[in-house]
1. Among the candidates 16, 54, 80, single out the residue that is of a type in the set (Gly, Ala, Ser) and under 19 Å from residue 152 (Cα atoms).
2. Out of region 32-55, which residues are assigned to a loop (DSSP other than H, G, I, E, B), of a type in the set (S, T, N, Q) and modelled with pLDDT of 95 or more?
3. Tell me whether region 139-149 contains one or more residues that are free of Cβ contacts under 8 Å to residues at least 60 places away in the same chain, within 26 Å of residue 48 (Cα to Cα) and touching a helix residue (DSSP H, G or I) at 6+ places or on another chain (Cβ under 9 Å).
4. On the phi > 0 side of the Ramachandran plot and either polar (S, T, N, Q) or within 14 Å of the chain's Cα centre (by Cα) (or both): which single residue out of 169, 156, 70, 103 fits that description?
5. I'd like the residue in region 164-178 that is under 20 Å from residue 79 (Cβ atoms) and out of contact with any Lys or Arg (no Cβ under 8 Å at 6 or more places or on another chain) and, out of all such residues, is surrounded by the fewest Cβ atoms within 10 Å (Cβ to Cβ).
6. Any idea which residue in region 129-153 is farthest from residue 98 (Cα to Cα), counting only those that are within 16 Å of the chain's Cα centre (by Cα) and among the β-branched types (Val, Ile, Thr)?
7. Suppose we keep only residues that are hydroxyl-bearing (Ser, Thr, Tyr) and modelled with pLDDT under 95 within region 124-158. Which one would you say is farthest from residue 86 (Cα to Cα)?
8. Are any residues in region 92-121 more than 23 Å from residue 51 (Cβ to Cβ), in contact (Cβ under 8 Å) with a residue 24 or more places away in the chain and part of a helix (DSSP H, G or I), and if so, which ones?
Amino acid sequence: MDNPISDIAGTIRISGIARQSVVDGPGLRLVVFTQGCPHLCPGCHNPETHDFGGGYDCKISRILEIYDANPLLKGLTISGGEPFCRAGELLPLCRAVLERGGNIVCYSGYTFEELLAMADEDSGARELLYLIDLLIDGRFLLERRDLTLRFRGSLNQRVLDLPVSLGKNAPVWAKGYQ
């Protein structure tokens, strides 16, 4: 652990935190729900996260204290809201979790292709993409809802191996999730 918690500054606007989840990515995970979403998907599982003025500011150091308190965690899942609307705020948190040996899963209503275009204009989004291990992409579509899917809510969403996808500049499904 290179960065002690006291060295991590910054805050992030969040809706809440789930201290232990097994449904938001592989293994036991800490989930941070970012506040604010432009997608407003009908049937969204987290409609309380849509309002950009809602939620509360939380210190990154506080989130890391929660993360560090549970040695069984495999990583961090960032959900929302729309995490890429908070990309710059998420960077110190994601870097710190990676330094601790955890992995990063991210839910986004944007597709991989939309995120690549966004990354051309937004350096925070670009850097965040390169910190994520698994990306669950695409808007939730109520008419394509399927409760049997692992880690996703509708058939249009994908679970992508982000490092491989970025290397190929094309979406690549994570093994075992298609």
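The values are calculated or read from the model by the stated rules, or taken from the named source; none is laboratory data. Treat the numbers as computed from the prediction; the structure is a model and nothing was measured. Note that each Cβ is placed from the backbone with ideal geometry, even for glycine, and that neighbours are counted across all protein chains shown.
1. 80
2. Answer for region 32-55, where residues must be assigned to a loop (DSSP other than H, G, I, E, B), of a type in the set (S, T, N, Q) and modelled with pLDDT of 95 or more: just 35.
3. No, there is no match, as no residue in region 139-149 is free of Cβ contacts under 8 Å to residues at least 60 places away in the same chain, within 26 Å of residue 48 (Cα to Cα) and touching a helix residue (DSSP H, G or I) at 6+ places or on another chain (Cβ under 9 Å).
4. Sole residue among the options that is on the phi > 0 side of the Ramachandran plot and either polar (S, T, N, Q) or within 14 Å of the chain's Cα centre (by Cα) (or both): 169.
5. For region 164-178, the residue satisfying everything is 174.
6. 136
7. Filtering first and then ranking leaves 148.
8. 92, 94, 95, 96, 97, 98, 99, 112, 113, 116
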